[in-house]
Structures are given as structure tokens and as C-alpha cells.
Amino acid sequence: MMPDTPAPSSSLRTRLRDATGDAHRQLDDAMAQLKLTDRRDYALFLRIQYAARIGVEAWLTRHAPSDLVPPPQCPAIATDLAAMGEPLPLEQPRFDQATDSDALGVAWVLAGSSLGNRAMLADLKKSGTGDLPTAFLGNADMAAFWHDFRPRIDDYADTADGAIRSAHRTFAHFSAIAAAYLPNGAQ
């Protein structure tokens, strides 16, 4: 069995997490260049999130079944950027997937990001940085979606290849956009 291929009896969530761990860490490491308590870095973080999510959210709306369409986060990001007097990113790259069946992996990446958002929000609150807007990081709609979505991916996954491929493509999309915006790329 290949190292990135978990045992077939594991849940879809476990298989997705194990198969995309390196891609997820690479994106997290790139984003770690940003100090979110710094107003400029926080605005850059929000612009990266908006630029990456706008195409993904549009793709899901067009192609995914309604139960796999997470609540849009771009309006919350736009609200935060406006509150900071910052513009939306001019470039809004498209996101394309091969088939409609890939929606599960894409939804998993977006929904799972709500866990990281909650951790970042807690860190911001601990730092005493109370003047930064947090409509995006504090968005409860995505956390509720994750709560409802998780049982679906906790079930046994006989075959998860399409979801894993689409999750990889989604992380690659986010990483490419991060590399374009960050001073040191997405290393």
C-alpha cells in the first residue's frame, strides 16, 4: 500500500486528512508568514482568502448538490476588508474541477477551514487585538455547516479517490494564490 493511501476501512474524513496532510501543511506553513495581529498582514490574509474562495464558492454553487455547498464566506471577508478600508482583490481566479462528483472533497476543504478560523479567532482575542474585524473568522454559518457535514464524511469510505483528488486540487488552488500574494511565496 502506498504511504498516502490509508486503509480502505477508514472513514472518508480520515482518508481525506491523511491523503492531503502534506498539501494542508504546505498551505499552513505559507500562511504562517503572516502575523494576523498586524493590521497589514491581516488585510493580506483576508485578500488571499477572498481571492482563493471566490472561484471555489462559484464553482460549488454551479456544480455541487445543494447539501455540498457550504455557506459563502466571501461576503464576510468583503465586510472585514471594507471595515479596514481595504479593497477587494482585483484578480479573482477561476476554479475548475473535472466532474461534479469532486464536490465532496472541495466542500471538505472549505468546511474544515472553519476549524482553523476558530483557532485564529481565539488567538486574535488572546492577543488583545480587538480592533480587527472578524466577520469571516467568527462566521458561525460555516461552523454549523461543518457540524452537519461531518457525519457524512465520518462514514465508511469504500472509495474516496475523486474526493481526494478534488481536495488536492483545492489545496493547490489556495497555495497558488497564497504564493502570488505572499512576499516569500508559498514555499
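The values are calculated or read from the model by the stated rules, or taken from the named source; none is laboratory data. Note that the coordinates shown come from a computational prediction; the quantities given were computed from them, not determined experimentally. Because the Cβ atoms are built from the backbone with ideal geometry, glycine has one as well, and the counts that use them run over all protein chains shown. Side chains are part of the model used for accessible areas, which takes the heavy atoms of the whole protein and leaves out ligands, DNA and RNA. Shrake-Rupley method; radii C 1.70, N 1.55, O 1.52, S 1.80 Å.
Observations on the structure shown:
- Expressed as a fraction of 2.2 N^0.38 Å, the C-alpha radius of gyration for segment 64-149 is 1.22.
- Assigned charges on the beta-carbon of Lys, Arg, Asp, Glu; segment 1-156 dipole about Cα centre (debye): 280
- LYS35 versus ALA119: modelled label distance in nm, points set 7 Å from Cα along the beta carbon direction: 2.1
- Modelled label positions at ARG152 and SER10, each set 7 Å beyond Cα in the direction of Cβ, lie 2.2 nm from each other.
- Between the beta carbons of ALA143 and GLN92, assuming R0 = 30 Å, the FRET efficiency works out to 0.75 to the nearest 0.05.
- Cβ-placed point charges (K, R +1; D, E -1), dipole of segment 31-119 about Cα centre in debye, nearest 20: 280
- For segment 104-149, a Kirkwood hydrodynamic radius built from all Cα pairs, placed in the Stokes-Einstein relation at 25 °C and 0.890 mPa s, yields a translational diffusion coefficient of 220 µm²/s.
- Accessible carbon and sulfur surface of segment 1-152 relative to its total accessible area, %, 1.4 Å: 54
- Segment 1-137, accessible area per residue, ligands and nucleic acids excluded (1.4 Å, Å²): 49
- Principal semi-axes in Å for segment 1-155 [√(5λ), Cα gyration tensor, largest first]: 28, 18, 15
- For segment 48-106, the relative contact order is 53 percent, taking Cα pairs closer than 8 Å that sit 6 or more residues apart in sequence and dividing their mean separation by the residue count.
- Positive dipole terminus of segment 82-157, leading residue within SER127, GLY85, PRO151 (C-beta point charges): SER127
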